[in-house]
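Heads up, the thing below is written out as structure tokens.
The values are calculated or read from the model by the stated rules, or taken from the named source; none is laboratory data. It should be emphasised that the depicted structure is a prediction, and the values quoted were computed from it without experimental measurement. Cβ placement follows ideal geometry from the backbone for every residue including glycine, while neighbour counts extend to all protein chains displayed. For the accessible areas, the whole protein counts, side chains as well, though only heavy atoms, and no ligand, DNA or RNA atoms are used. Shrake-Rupley method; radii C 1.70, N 1.55, O 1.52, S 1.80 Å.
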Amino acid sequence: ISVIVPAWNEEVGVIRTIQSIGQNGYAHTELIVIDDGSTDGTLQAIKDHFARAKKHKLYRNFRVYVISQKNQGKGAALNNGVKRATGDIILTVDADSILKKGALDNLVKYYLDDKVMAVVGNVEVANPKTLVGFAQQLEYYFGFYNKRAHALLDAEYIFGGACASFRSSVFDSLGGFDTENKTEDIEMSMRIRAAGYKSTYAEDVICYTEGASDFKGLISQRVRWKKGRIDTFRKYKHLFFSTEDEHNFFLSFFILPFSVLSEAQLIFEPAAIAILVTYSLITSEYLSLAVGVLFILLVYISVSLFHDNRRRPELVLLFPFTWPLFYILDWVEFLALFKSIKLIRRGEDVEWQKWQREGITKSS
């Protein structure tokens, strides 16, 4: 396995990321760290860490490469790593994330199926110190639970860069990451699906990541995601309602159209919710609200009982206090969509996301 860690101004967390890979316990590992023209102490921190590691004879069974390049963006950094990689499997891990022990061993098992060309791991937010962080943690629990259904239908199409893996032959046949698309991970995911390659979700390949610590950072992140997803959907519009044999039926006719419908729904959702609540208060008719809340409760119960083989009964206990957080996240998504549309109309793009890092303290 070649593990690629791209980093841009990540001095707070990049060493913890590197350590989690080194301590994962998989012998056949190649570690490639790329500094993309950081302006903080990222590169020096990486060099100091490996200097200390050499002194204490750490990473002895690893091949380690540190690449420093001028700032070219995450896609270019990943491509530099891919060019250096020699592993049969290439795994990308963000420099604000850490792998849980055993993740690499678990990952390899999925590639025993020769038809599997890409595997996305299970990402959890590890810094619920703030309301924003806790909301993201819940969001990731529920979002990655949905990936189980997508994988069952062979219709998963988003391999987040925090923990995404590919057979090295994928890059030989499809080329490197798109350096123009700021969600190069989603673009590569869709390219793989367009080529008809089989991919899946690995819920036991767990990676902890650092979410945005405030609403400003969260909105900036979601703007990048929205803009990149819209650009990607436009590029691969032929996948929608495709009848080609190599394209998955459920992906083309259900998952992708529903994703677009969900984005369109955001335009009306804030106003619709306000109208519904106002109507209920004026007329004292609360059945519609009750049905909506009941549906959310059922989702809570499903996730708490069946999420990645670890029961989380505390989610149900937290339900009365936390379900309104999803409506706050809806507002964030609405603002992000609005800003993304403005960027598209102006022909502008977004930067590689950046917010105030605190580092992950959760043990892997």
Task: In the range 1-78, the chymotrypsin sites (Phe, Trp or Tyr not before Pro) that fall in loop regions by DSSP, at most 14 other Cβ within 10 Å - done: none
Open item on the list: If I fit a long axis through the Cα atoms of helix 184-194 and take the longest principal axis of the Cα atoms of the chain, what angle between them do I get, 0 to 90°, rounded to 10?
Closed with: 80 degrees
- [ ] Pop out the Kirkwood hydrodynamic radius of the chain from its pairwise C-alpha distances, inverse of mean 1/r, in Å to one decimal.
- [x] 21.5 Å
TODO: Using Cα positions and a limit of under 19 Å, work out the aspartates and glutamates in reach of Lys70, with same-chain residues fewer than 8 apart set aside.
DONE: Glu10, Glu11, Asp35, Asp36, Asp40, Asp94, Asp178, Glu180, Glu184, Glu351
TODO: Specify the angular offset, from 0 to 90 degrees and rounded to the nearest 10, of the alpha carbon long axis of helix 131-152 from the longest principal axis of the alpha carbons in the chain.
DONE: 80 degrees
- [ ] Calculate how steeply helix 42-55 sits against the longest principal axis of the alpha-carbon atoms of the chain, using the helix alpha-carbon long axis, and give the answer as 0 to 90 degrees to the nearest 10.
- [x] 50 degrees
TODO: Could you work out the local net charge near Ala85, counting Lys and Arg as +1, Asp and Glu as -1, over the other residues with Cβ closer than 11 Å to its Cβ?
DONE: +1
TODO: Could you tell me which of rounded, prolate or oblate describes the range 1-66, using a ≥ b ≥ c as the square roots of the eigenvalues of the alpha-carbon gyration tensor, with rounded for a/c under 1.5 and, failing that, prolate when a/b is larger than b/c and oblate otherwise?
DONE: prolate
Task: Cα-based shape type of the range 215-360, given that a ≥ b ≥ c are square roots of the gyration tensor eigenvalues and the cut on a/c is 1.5 - done: rounded
Task: Å² of accessible area per residue within the chain, as computed with a 1.4 Å probe and no ligands counted - done: 48 Å²
TODO: Specify which residue in the list Ala155, Phe134, Tyr110 is farthest towards the positive end of the charge dipole of the range 88-166, using unit charges on the beta carbon of Lys, Arg (+1) and Asp, Glu (-1), about the Cα centre.
DONE: Phe134
Open item on the list: Only sites in a loop by DSSP and with at most 15 other Cβ atoms within 10 Å count here; which trypsin sites (Lys or Arg not before Pro) in the range 20-88 make the cut?
Closed with: Lys57, Arg60, Lys70
Task: Residue with peak Gaussian network fluctuation, the chain [Cα springs, cutoff 10 Å], from Val205, Val82, Val350 - done: Val350
TODO: Describe numerically, in nm with one decimal, the distance between label points set 7 Å from Cα along Cα→Cβ at Ser284 and at Phe142.
DONE: 3.1 nm
Task: Entries of Lys182/Lys216; Lys47/Lys100; Lys100/Lys237; Lys109/Lys226 with Cα pairs more than 30 Å apart - done: Lys100/Lys237; Lys109/Lys226
